[in-house]
Amino acid sequence: MAQVKNKQIVLKNYVNGFPKESDMLLVTSDTINLKLPEGSNDVLVKNLYLSCDPYMRGRMSKSEGNYMDSYTPGSPIEGLGVAKVIDSGHSKFKKGDLVWGMTRWEEYTIIKAPDQSIFKIEDTDVPLSYFTGILGMPGLTAYVGFYEICAPKKGEYVFVSAASGAVGQLVGQFAKLSGCYVAGSAGSKEKVDLLKNKFGYDEAFNYKEEQDLDAALKRYFPNGIDIYFENVGGKMLDAVLSNMSFNGRISACGMISQYNLEQGEGVRNLTHIVTKSLRMQGFIVTNYFHMTPKYLEMVVPLIKQGKISYIEDVAEGLESAPAALIGLFSGRNVGKQLVVVARV
């Protein structure tokens, strides 16, 4: 029975405040068998691509009542990824299958209850790495938040914060496909240029250069915002609330500006939810995984026809994963951040 050493990224200790690369360690585990024991119902995979996502920050702290369990110090970090099946004791998966779903930050992972946590990749005519992004959790997040929660109408005005990220770059393109006007915010000139020249945003601005977010939003939305796709929270949410139109909708996907604060910022303009009859709904995309086939049916043809673009920020090697993850919180990445562990 073949055995190999297994490199892993483990959480050193629980994190308070802004995480550091040193909070995670590259270790080599004891040998792992590349053949599952007789009678196993598990799936053994070789990890190919790992996804870096903002929600992972919450799992690095000790917390109770969160929608996902905290990581365990000394154990490999969990996250979404793309992998190849090396051995399987489960009827839904066979050796050689390509899958995406929840795995661990290591070279090889034994996945228990695989029918609930990984999905077989049926379409291999698109880049496999896309299943960490546009064809995986971020893509479904954009789809659910924009179409299912905000229910856009042609001609509406849409604002997207963190617009060049894994989710935001798609929301803007979905908005244009729906006949909407869309503007977005990002944190550098490079990202603003991408929004306007690559992703088709009508307007975009660098929020770091704006002294007054309220004035910036009034500049791009003089008649108000019908739909806000929320990725940031804090001061941005406060400014948006006062610029929403009557019966506006806000889809709250994330609030990355708050994740590393020991005490979150207050929001002062919540009265507008009442006075403007606004609807603001947060959501957890894992509750919508059943919609994946419907989403893929829509988006895969758009990719193949060149009607939608997607940019990835690729870090090479498992050892680069801690720096890639930390970079999310300073806006270092351009596009979807992922880590290549191995290629098929």
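Candidates are the residues of region 67-97 that are touching a helix residue (DSSP H, G or I) at 6+ places or on another chain (Cβ under 7 Å), of a type outside the set (D, E, K, R) and farther than 20 Å from Glu316 by Cα; the one that is modelled with the lowest pLDDT is Met68.
Here's the yes/no breakdown for (1) farther than 22 Å from Asp23 by Cα; (2) crowded, with 21+ Cβ neighbours inside 10 Å; (3) in contact (Cβ under 8 Å) with a residue 24 or more places away in the chain:
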residue: Asp53; (1), (2), (3): no, yes, yes
residue: Met60; (1), (2), (3): no, yes, yes
residue: Tyr67; (1), (2), (3): yes, no, yes
residue: Gly79; (1), (2), (3): no, yes, yes
residue: Ala83; (1), (2), (3): yes, yes, yes
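Inspect all residues belonging to region 128-142 and state whether any of them is among the small types (Gly, Ala, Ser), touching a residue at least 60 places away in the same chain (Cβ under 8 Å), surrounded by 14 or more Cβ atoms within 10 Å (Cβ to Cβ) and not in a helix (DSSP H, G or I). Looking for residues that are among the small types (Gly, Ala, Ser), touching a residue at least 60 places away in the same chain (Cβ under 8 Å), surrounded by 14 or more Cβ atoms within 10 Å (Cβ to Cβ) and not in a helix (DSSP H, G or I), one finds at least one in region 128-142, hence yes.
When you look at Gly136, is it modelled with pLDDT of 95 or more, farther than 30 Å from Glu262 by Cα and small (Gly, Ala, Ser), yes or no? No; evaluated as a whole, the condition is false for this residue. The residues in region 15-28 that are surrounded by 15 or more Cβ atoms within 10 Å (Cβ to Cβ) and in contact with an Asp or Glu (Cβ under 9 Å, 6 or more places away or on another chain) can be counted, and the count is 2.
In summary, Lys94 fulfils each of the numbered conditions (1) more than 14 Å from Leu48 (Cα to Cα); (2) free of Cβ contacts under 8 Å to residues at least 12 places away in the same chain; (3) under 21 Å from the mean Cα position of the chain (by Cα) with the single exception of condition (3). Scanning region 34-51 for residues that are crowded, with 16+ Cβ neighbours inside 10 Å and either aliphatic (A, V, I, L, M) or not in a strand (DSSP E or B) (or both) yields Leu36, Asp42, Val43, Leu44, Val45, Leu48, Leu50.
Of the numbered criteria (1) of a type in the set (Val, Ile, Thr); (2) more than 14 Å from Val285 (Cα to Cα); (3) part of a helix (DSSP H, G or I), the one Thr103 fails is (3). Residues that are surrounded by 20 or more Cβ atoms within 10 Å (Cβ to Cβ), in contact with a helix residue (DSSP H, G or I) (Cβ under 8 Å, 6 or more places away or on another chain), of a type outside the set (D, E, K, R) and more than 30 Å from Lys62 (Cβ to Cβ) do not occur anywhere in region 254-264.
The values are calculated or read from the model by the stated rules, or taken from the named source; none is laboratory data. Given the structure is predicted, the values throughout are model-derived calculations rather than measurements. We place every Cβ from the backbone using ideal geometry, glycine too, and count neighbours over all the protein chains shown.
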